[in-house]
Every structure is written in structure tokens, then in C-alpha cells.
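Following: one structure in C-alpha cells, then a few remarks.
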Amino acid sequence: MTSTTSKVLTLIISAFTIMQITLAGDPDILTDFIAPVGATVDGTFFTFTGFRALLPPNTFPSTFKALKATKAEFPALDGQSVSYAALEFPAKSINPPHTHPRSAELLFVASGSLQVGFVDTTNKLFTQTLQAGDIFVFPKGLVHFQFNSDAQKPALALSAFGSANAGTVSIPSTLFNTTIDDNVLALAFKTDVGTIQTLKKGFTS
């Protein structure tokens, strides 16, 4: 095998490796479904009733709330590569900037309106104002947010994910409510330690 051929093969293998990483998601299963050991598998196992809390006489919470149906709350989703969330936004509330490392998010506004946006890997911001009936997609792994700017009306949105456990990494909480060294954060944000400590206090009160 010549040196040139070897280099070409290495490049091809690298390309396939990158492709596999790019296409990574929930693993395929070799059975129809996955049930926890000892679980009773009948119609009830495949039914989730947690969203009944959204129906009348439900009232909106005082702060943003996410009601989830992932494999943690709904074990029948394990291996099915789907999950759901209901997002309740009181007036002037926000779902802070965050990411979902294992899935894109398809958001449907059921009532009210939302200002939404995401930032791509070139730091370009994409924003939109959504009305009831609109759908918006947040690409997999990118930082995004939702904000109900209405001072009086609440908003309700439903989000679908292509993973039974999409994961949520809250940017503010991850940065300022963990044990990352204050000096590291100060250098990263080009500020002083005192400012970082002030920001952290907002997450411990």
C-alpha cells in the first residue's frame, strides 16, 4: 500500500467517523419496547396522565414551569426516541438560555405569544415572535430561549423532542450555580471576581 493510498483511506475513515458522530442520537433497540424489570406491561404502561394538570381548572404558575414527559416520568418512552414537554409562561416570564444536547426541539405555541431565539455556531442570533398556532424549531445542541413579553397574558407552548431524554443544560445555572472557580468565570467574562460573586448570589437565594 502506497503512502498516498494510506492517507486517502485514513481520510475516508475519518469522514465516516465524523458522520457517525454527527448522526449520534438515541440508540436503536432490538425489541418492540423496553419495560423496567418487574413492571406490569398493559395499556396503562403506555399511558401518561401528567398533562391532565394543564386542563381546567388549572391556573398558570407564578413563574415559568416546564411539565415534562421524558423516560424519567414516562418509562414507556425508553428506546422510542421521543419525548414531550409543556411550557407554562406567566406574564413577563422567561425560559432562560439553555441547550438540549441530544435533540432538536419543535415548539408549538398553544396560547398567547412568545419571543424566541437561538444562536448558531457562528454566533449569529435568529429570533422570531410567535403567535398561537405557530411552530418553531430549535436545532439540536444550540443555545436558545423563550420569553413571554406580554405584561398581562400568559402563554402555553408544547415542545416535542427526538430523544427520550433530550437533556437540558441551563446556561445561567450551569455557570453561576456550580463550583466553577470565580477566577475562571471572571477571566471568561472579562470582569472582576466581585461581579461574579454578585451574580452567583442570585442563584443561591
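Given a 1.4 Å probe and the protein chains as shown, Ser103 ends up with an accessible area of around 10 Å². Legend: residues Arg102, Arg52, sorted from most to least accessible area (1.4 Å probe; ligands, DNA and RNA excluded), read Arg52, Arg102. Cross-link partners for Lys200 among the lysines, with Cα-Cα distance under 21 Å and sequence neighbours closer than 8 places in the same chain left out: Lys190.
Shown are Leu175, Leu30, whose ranking by accessible area with a 1.4 Å probe and every protein chain present, most to least, is Leu30, Leu175.
Mean sequence separation of contacting Cα pairs (under 8 Å, at least six apart), scaled by the length of the range 102-205, corresponds to a relative contact order of 29 percent. The listed peptides 164-170, 124-130, ordered by packing as a protection proxy, come out as 164-170, 124-130 (highest mean of other Cβ atoms within 10 Å first). The Rg/Rh ratio for the chain, using Cα coordinates for both the radius of gyration and the Kirkwood hydrodynamic radius, is 1.06. Solvent-accessible area per residue in the chain equals 63 Å², computed with a 1.4 angstrom probe and all protein chains kept. Once both labels are modelled 7 Å past Cα along the beta-carbon direction, what's the Val41-Ala132 spacing in nm? Distance between label points: 4.2 nm.
Counting only protein chain heavy atoms and rolling a 1.4 Å probe, the accessible areas of Phe138, Phe74, Phe33 rank, largest first, as Phe33, Phe74, Phe138.
Estimated at the nearest 10 Å², the accessible area of Ile34 is 60 Å² with a 1.4 Å probe. Counting only residues at least eight positions apart within a chain, or on another chain, the lysines with an alpha carbon under 19 Å from that of Lys92 are Lys65, Lys153. Counting only residues at least eight positions apart within a chain, or on another chain, the lysines with an alpha carbon under 19 Å from that of Lys68 are Lys140.
Extension gain for Ser170 to Leu125 (0.36 nm times residue separation, less C-alpha to C-alpha distance): 14.4 nm.
The values are calculated or read from the model by the stated rules, or taken from the named source; none is laboratory data. Quantities reported herein were computed from a predicted structural model and do not represent experimental measurements. Methodologically, a virtual Cβ is constructed for each residue, glycine included, from the backbone with ideal geometry; neighbour enumeration extends over all protein chains shown. Accessible surface areas use protein heavy atoms only, side chains included; no ligands, DNA or RNA. Shrake-Rupley method; radii C 1.70, N 1.55, O 1.52, S 1.80 Å.
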